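Everything on this sheet refers to the single structure shown next.
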Amino acid sequence: MPKWYKKLMSYYSIAIFVFTYYFVYMIVYFTKFLSLDLSAIQIVFGILTFILCMGSFLLDLLFLVPFLANPSKQLLLLTNECNPQALIESMEPVYFKLKSGRIIFITSTLYELEVKYMLAFGYLENAEFDKALTIMEDVCSNINIVKGSYRKILYYSLLSNIYINIQQIEKAKFYLMKAQKEYAISNSKTRSLCNDLLNTYQYYIDMICGKADEPLQYFSNRLQQSANALEHAHTYWILANLYRNEGNAEQEVDCLKKTITYGYRLYITEYAFKALQDKNIIVNPAAPLRYKNKINIVFYLICLACIIMMLIGCIPFFVL
């Protein structure tokens, strides 16, 4: 099983251990001191100890565990490293266990749908379109269990993107329209996150249908807005094709090389290699891209809170 899944199960085991320990701890001490003549201060301290114990457990289970082992972080293998094979290897074993019913996540909606979404994304960028389509159709058929518009927009737009890649434009329009409806009722934060994504997919469809104006200008501008290596690679690949159609061989070659630079192991990188080979141009394979984990202050504050609460909870209140 992949590392992120093993970490997730380990953190859940720790959380359950913490809960069990404190539950037994409180039973033992409350049972022991029920027969004693306790002061009001001792009783209050005992109740506070119990609250701190349970608070530590809840912080661990609801915030710290999902933060430490959130499968969504594996998507960086694709967006930042452009390595769909690595993402597939990270998600596929868990997906098959989910499918067989041998895994039940504590937060099933989040993890199960996220695993399927990311695996489908990996299949898409690995040119395994049939597999990606099957999974995302399943995800979108159960989308009503998802709360909030943000993930619904991501799921519908990915399915639309798959249909764009297999040239089923009417279905691509249908699911993009669903994503746009969710966008219309979403909050300002979701709109800021999804605006470029939906506009780009809409432009893809318009371009395929011959309704797009100045595609060279549009995708040249997109390079300035691209947030990661995956977006850069796809934008350069589209520009290479546009320049080829215009007969601009110099710009085409330049964009093909940059597709390879950013694309690493995407399927479009293989197409770029072949296009350059047809022109008798040899280029070296791109070096793998590596992303750096950012330090999250909230994570460390939660850790500190858990430690403090656990230490206080270990002080028997009868010593005061």
Looking at the range 203-261, which of the residues that are of a type in the set (Gly, Ala, Ser) and in a helix (DSSP H, G or I) is surrounded by the fewest Cβ atoms within 10 Å (Cβ to Cβ)? Ala249
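Considering the range 181-202 alone, what residues qualify as being of a type in the set (Asp, Glu) and either surrounded by fewer than 17 Cβ atoms within 10 Å (Cβ to Cβ) or more than 22 Å from the chain's Cα centre (by Cα) (or both)?
Here is the first cut: in the range 181-202, the residues of a type in the set (Asp, Glu) are 182, 196.
Within the range 181-202, just Asp196 meets the criteria.
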State which residue is farthest from Leu76 (Cα to Cα) when the search covers only the range 1-44 and only residues that are at pLDDT 70 or above and not in a helix (DSSP H, G or I). Met1
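What about Ala69, is it within 30 Å of Arg265 (Cβ to Cβ) and at pLDDT 70 or above?
On the way: within 30 Å of Arg265 (Cβ to Cβ): yes; at pLDDT 70 or above: no.
Judged against the criteria, Ala69 is not a match.
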Scan Leu193, Leu266, Leu239, Leu230 and give me the residue that is among the hydrophobic types (A, V, I, L, M, F, W, C), in contact with an Asp or Glu (Cβ under 7 Å, 6 or more places away or on another chain) and in contact (Cβ under 8 Å) with a residue 12 or more places away in the chain. Leu266
Residues that are out of contact with any Pro (no Cβ under 7 Å at 6 or more places or on another chain) and under 24 Å from Ser90 (Cα atoms): which helices (runs of 4 or more DSSP H) entirely in the range 123-192 hold 1 or more of them? 129-141, 149-165
Check Tyr117, Tyr111 and return the single one that is closer than 22 Å to Thr200 by Cα and either in a helix (DSSP H, G or I) or modelled with pLDDT of 95 or more (or both). Tyr117
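The values are calculated or read from the model by the stated rules, or taken from the named source; none is laboratory data. Everything quoted here is computed from the prediction, not taken from an experiment. For neighbour counting, all protein chains shown are included, and Cβ atoms are generated from backbone atoms with ideal geometry for every residue, glycine included.
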